[in-house]
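Let me begin by presenting the structure, written as structure tokens, before commenting on it.
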Amino acid sequence: MIRFLLVLLLLASLGVGSLVALPIERVEVVGNKQLSQAQVQQITGLEPGAPWLWAWPYKLRPLLDNPWVRSATLERPAVGHLRIALQERTSVANILVAGRRYGLSRDGLLLPEAPPQTPLIEGRGEMPVADLLQLVQAFPDAKRIRYDVGGYQILGEKLNVWGQSVRELQDWSEARKMGKSDASSVLAHPLTGSDGRIYVYSWGVGARR
């Protein structure tokens, strides 16, 4: 019984010692662009002065609740030194949702407090995220993309095109890059005015001035 109590006392002493004798002296955050080092330390609780031996990977789980964070790993380069390596998502477009501007990641997540960028996506009705991501890729020069139940409108410098089908718009974009679009006669003359628009249909292309 006495031996058991001595073992417990020893374990308790080691536990207390690990809290005091080996504090975190330095926390390094790498791979972060959107989140600051202070934010990462606050979210994880891994800050100078906290127990180094008690810094376990589960402390990073709250980071993964942030949509900007794709992955996070914890490294121990030296005694008292921690390194938190982040892989953040990037925004490929801005999108308006209920009047608020978000970033849109390549895997379809909304990213809060994203920096302004183009294209700016806005629309009405259910948000077709997968379709919008395909249009962002197909039209790298787009400044604005609009959607509703009827179709999609792509706007940019000398670019004003509407289509009901993402596939048809993709095909038109590829033909446009090669100069083989059915709308070449329209594109030969810069469109002027807010009504200058190309319409892409399954049977061909039309234009309205």
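The values are calculated or read from the model by the stated rules, or taken from the named source; none is laboratory data. Everything quoted here is computed from the prediction, not taken from an experiment. Don't worry about glycine lacking a Cβ; one is built from the backbone with ideal geometry, like all the others, and counts go over all protein chains shown.
For the range 118-140, the tally of residues that are more than 18 Å from the chain's Cα centre (by Cα) and within 13 Å of Ala93 (Cβ to Cβ) stands at 3.
Does Ala130 count as touching a strand residue (DSSP E or B) at 6+ places or on another chain (Cβ under 7 Å), outside any loop (DSSP other than H, G, I, E, B) and of a type in the set (A, V, I, L, M)? So Ala130 fails the test.
On the basis of being modelled with pLDDT under 90 and touching a helix residue (DSSP H, G or I) at 6+ places or on another chain (Cβ under 9 Å), does Ala183 make the cut? Explain how you work it out, then say what you get.
On the way: modelled with pLDDT under 90: yes; touching a helix residue (DSSP H, G or I) at 6+ places or on another chain (Cβ under 9 Å): yes.
Criteria met by Ala183.
The rows are residues; the columns are (1) of a type in the set (Ser, Thr, Tyr); (2) over 15 Å from the mean Cα position of the chain (by Cα); (3) modelled with pLDDT of 95 or more; (4) part of a strand (DSSP E or B).
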{"position": "Leu64", "(1), (2), (3), (4)": "no, no, no, no"}
{"position": "Pro67", "(1), (2), (3), (4)": "no, no, yes, no"}
{"position": "Arg70", "(1), (2), (3), (4)": "no, no, yes, yes"}
{"position": "Arg83", "(1), (2), (3), (4)": "no, yes, yes, yes"}
{"position": "Asn94", "(1), (2), (3), (4)": "no, no, yes, yes"}
{"position": "Gly103", "(1), (2), (3), (4)": "no, no, yes, yes"}
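Considering the range 91-109, and only residues there that are polar (S, T, N, Q) and touching a Gly at 6+ places or on another chain (Cβ under 8 Å), the residue that is farthest from Arg26 (Cα to Cα) turns out to be Asn94.
Please determine, by comparing only the residues of the range 105-121 that are polar (S, T, N, Q) and in a loop (DSSP other than H, G, I, E, B), which one is surrounded by the fewest Cβ atoms within 10 Å (Cβ to Cβ).
Step by step, filter the range 105-121, then rank; the result is Gln117.
Going by what's in this entry, would Leu60 be described as within 30 Å of Thr44 (Cα to Cα) and part of a helix (DSSP H, G or I)?
Details: within 30 Å of Thr44 (Cα to Cα): yes; part of a helix (DSSP H, G or I): yes.
Judged against the criteria, Leu60 is a match.
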